[in-house]
Every structure is written in structure tokens, then in C-alpha cells.
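Have a look at the structure below before the remarks.
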Amino acid sequence: MQWVNHFWNQLEEKLRVTSEEIGAGFPYTTKNGKYNTEFANREGITWWTNGFWGGMMWLLYTETKDERYMQIARACEERLDKALDSFNGLNHDMGFMWLPTAVADYKLTRNPRARERGMHAATILAGRFNPAGRYINAWNGPSMVGWAIIDCMMNLPLLYWASEESGDPRYANIAKIHADMVQNIFIRSDGSSEHIVILDPMTGTIKQKLRGQGYAEGSSWSRGQAWALYGFTASYIHTGDERYLITAKKCADYFISQLDETGVPDIDFCAPKTPMLKDASAGAIAASGLVQLMDYVKPDEVKHYETVIEKMLRGLEKNCDFTCAEQSILQNCSESYHKEAGHHIPIIYGDYYLMEALLRMRNKNVLRIF
Ligand code: GLY
């Protein structure tokens, strides 16, 4: 594991410097090496990635116990209150925003205000559930009624946490119904996943399947596939339901089967190989999910998972910038297949999940956020 420690040490050294520069900001991507921390992202305070920097600071705090990281994380969490207050613009991504911030804070420090924020966020997420259609609605507005997306698997742990914390099963019941729907409707027989499915909001029957951020309808967007394998692993860990473990494994095996010699996934596994478009963030998310899943696979499969995870992380290391001239770490992430301006850029969630994967490799008892 020396290589993991070396990889981690480079990250930590760099973050010691960049955390001072970025402070309680909301970094997304860099331009000429610098983040615009005042909402360079498109939608201001409610943008779905605004929890990741605070989450990175909590992860650093757990590892170093350096109070400066806790202060930055807390300040990010407090700034996010504006999003809870505004309500408008909030969507299915409540988990991505409040699990790495408020819920992490509460798990680590028992801060009662953080608990309130987590429960508030979970209650908003639960309010998006459509009982007739049996799904959590993605995004907002009349044109999005009936939309469900694979990414939302990563928001379910906020609902599991809310039930574990409050003793009220309402939240987890919603998460399980949504996960069952995804298992039946999104996951194909080969283990690949849809990105978007539009459902009839009165019956839950399928109206349309869309390519979303992937290459084409019926193809396989790699970050969606990473959300699926991680999300079902998380659902298994929270519920103990073996069906979710089987699905997580199926999604993981498909993901692994599509990797080339670089260990870094293409944006879409079914897209043409030229131009060769990569998404390192999908690799980081999948690696972190696989490190968790590895604990639950059969003993004779562990070696295979270890080998794949090492190949993936070593591939990601080659895509890291450890200098302080560039504030981001993981390069060559991609927002979506059909958005050229968002190809091969650093994106904050790439750094977040890379940190999480490395910390999990170092210490299985690391703070579980998702
Ligand atoms: N959850 C949106 C994305 O993965 O880009």
C-alpha cells in the first residue's frame, strides 16, 4: 500500500496550500489554474456540486485532525443555508449537497444545527417522491414531470440516514421504492444503465428513455454507470437487501469489463473510439464505490477487485496535477458527451471521489458519508 500512501500524501500536501487560497468557496472547475469560487457554476447557490469542497475539508479533517479544515467545512455548510432558505432551484440532488457537509459534520461532531440541516434536506428530497409512479422526480418544472435519473441513486443515502437518525422509516421506505424502480427499469440485462427514463407520473410506466449526458439512446454513460455501482452498493450497506448487492455487482462487472489499458473510463462506453474522450471523474467515483463493494464480494473475487482498483487509481494518478500552479487535482473529467466545452476539464467531484477512494484504501473505517 506504499503507492496509496504516496498518492495520498501528494494530495494532502497540495490541499494544505489550496485550502488556504480557496477558503469557504464553492469551486467547480478552474480557468488558467484558478477556481472562480463565487459560483463559476451555472446556477448559483443551489448548484448540485456545492457540497463537495466542504466534504473534501471534512475528509481532510478526519485524516489530519487539523482544525483549519473543520472551520472551512463549517463555513461552507453555513453558506449553504442560503440554498435551503431559497428553496427555488433545489432538486433531487439534496444528498450530493448535504451529505458531505451537514451530515458529515453531524456524524463527526454531533453539531445539532448540522442535524437540523440534514433532516431539512432529507425532508425536501422525500417531498419529491411520487407514490403513484414510485420514483423520486429529477429536476424541476412542468416539462420535467416524470423524469427519473440514475444519478439519484447517490441521493438515497440522505434518506437512509434520516431514517436511521430519526427512527422514522418513512425516508428509507421512499429510498427503497425508488431503488427498486431503478433496478427494474434502468439496469439492463448486461449490467449497463440508462441515464434518464421518463415515467408516467400516474402509473409509473415507461414513456421514454433518453441518452442524457451519454452518447446516444441505449449507450452507456460511464459516470452514470459509476453512480449506479456506487449507489446500489450504498443501498445494500444501508438496507442489507441482497438484491441491491447483486445489482451493484452486475453494474460493477459491466463497468470493469469496459475499461481499456489506461484504467480511465471513456465518457461513454458505447461511443466511437475516435476521438478518444475520457472522464476521469467516472473513474474516481467507480473506484471509491468498488473499494466499498470489495468488502462484500466472494473471497475468490477479492483479488480481481484489488487488481482492478489499483489499475484504475494508478491510471487516475497519471491524470493528476500535484503542482500548486493549478488549484484542481484530477484532470480530464468530462461533463457530458455532447458538450465539447466540458470535455477534459477538472471538476470538483473528481477530486472529492478520488480523495474518498484513497482514504478508503488507507482506512476502511473512514467516515461514511454516502
Ligand atoms: N449528477 C450529474 C452528473 O453526474 O453530471
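Taking Rh as the Kirkwood radius, which is the inverse of the mean 1/r over Cα pairs, what is the Rg/Rh value for the range 215-296?
On the way: Rg = 12.8 Å, Rh = 12.8 Å.
Using only Cα positions, Rg/Rh for the range 215-296 is 1.00.
Defining a contact as two alpha carbons under 8 Å apart and six or more residues distant in sequence, what relative contact order in percent does the range 131-264 show?
24 percent.
Report the residues of the range 44-75 in range of a label on C324: point 7 Å along Cα→C-beta, backbone N strictly under 17 Å from it.
Counting only backbone N, you get 68-69.
Once you have all Cα-Cα distances for the chain, histogram them in 20 Å bins from zero and send the whole-percent values.
P(r) over the chain, rounded to whole percents: 31, 63, 6.
Once you have all Cα-Cα distances for the range 273-363, histogram them in 10 Å bins from zero and send the whole-percent values.
17, 44, 28, 10, 1
Can you pull out the chymotrypsin sites (Phe, Trp or Tyr not before Pro) in the range 124-218 that DSSP calls coil and that have at most 14 other Cβ atoms within 10 Å?
Values: sites: F129, Y135, W139, W147, Y160, W161, Y171, F186, Y215; in loops: W139, F186, Y215.
In loop regions of the range 124-218 (DSSP not H, G, I, E or B), the sparsely surrounded chymotrypsin sites (Phe, Trp or Tyr not before Pro) are W139.
Mind listing the phi-derived Karplus ³J(HN,Hα) values for the range 263-279, rounded to whole Hz, using 6.51, -1.76 and 1.60 with θ = phi - 60°, and x for any glycine or proline?
Taking θ as phi minus 60°, the curve returns x, 9, x, 5, 4, 9, 5, 9, 7, x, 7, 10, x, 7, 10, 10, 9 Hz for the range 263-279.
Under 21 Å Cα to Cα from K318, which lysines show up? Leave out anything in the same chain fewer than 8 places away.
Those lysines meeting the cut-off are K14, K31, K34, K273, K278.
Relative contact order of the range 209-344: what whole-number percent is it, with Cα pairs under 8 angstrom and at least 6 residues apart? Each step should come with its number before you reach the end.
Details: 211 pairs, mean separation 37.3, N = 136.
Computed over the range 209-344, the figure is 27 percent.
Given bins 5 angstrom wide, list per bin the percent of all Cα-Cα distances in the range 1-143, short to long.
2, 10, 18, 20, 17, 14, 9, 6, 3, 1, 0
Among L210, S222, T49, whose Cα sits farthest toward the positive end of the charge dipole of the chain (+1 at Cβ of Lys/Arg, -1 at Cβ of Asp/Glu, about the Cα centre)?
Checked the options; the winner is L210.
In whole Hz, what ³J(HN,Hα) sequence does the range 359-364 give by Karplus (6.51, -1.76, 1.60; θ = phi - 60°), x for Gly and Pro?
5, 5, 5, 6, 8, 5
In whole Hz, with x marking every Gly and Pro, tabulate ³J(HN,Hα) for the range 113-123 from phi via Karplus 6.51 cos²θ - 1.76 cosθ + 1.60, θ = phi - 60°.
3J(HN,Hα) across the range 113-123, in whole Hz: 5, 5, 4, 4, 4, x, 5, 4, 4, 5, 5.
Quick one: compute the contact order of the chain, relative version, from alpha carbon pairs under 8 angstrom and 6+ residues apart, as a percent. Could the numbers behind the result be given before it?
Values: 690 pairs, mean separation 63.1, N = 370.
Reported relative contact order: 17 percent.
Calculate the length of the line joining the C-alpha centroid of the range 295-370 to that of the range 54-94, in whole Å.
Answer, in whole Å: 21.
Pull up the cross-link candidates among the lysines for K298, meaning alpha carbon to alpha carbon under 26 Å and not fewer than 8 places away within one chain.
Partners found: K176, K249, K250, K311, K364.
Assuming R0 = 30 Å, can you tell me the calculated FRET efficiency for the pair E12 and K298, based on Cβ-Cβ distance, to the nearest 0.05? Spell out each step's value before the answer.
Values: r = 34 Å, r/R0 = 1.14.
Computed FRET efficiency for E12 and K298: 0.30.
Counting other C-beta atoms within 10 Å, which of D93, D66 has the fewest, and how do the rest follow? Walk me through the numbers on the way to the answer.
Details: D93 24, D66 14.
The fewest-first ordering by Cβ neighbours comes to D66, D93.
No lab work stands behind these numbers, since they all come straight from the coordinates. The model shown is predicted, which means the values in this text are computed figures rather than measured ones. So basically every Cβ, Gly included, is an ideal-geometry build from the backbone, and we count neighbours across all protein chains shown.
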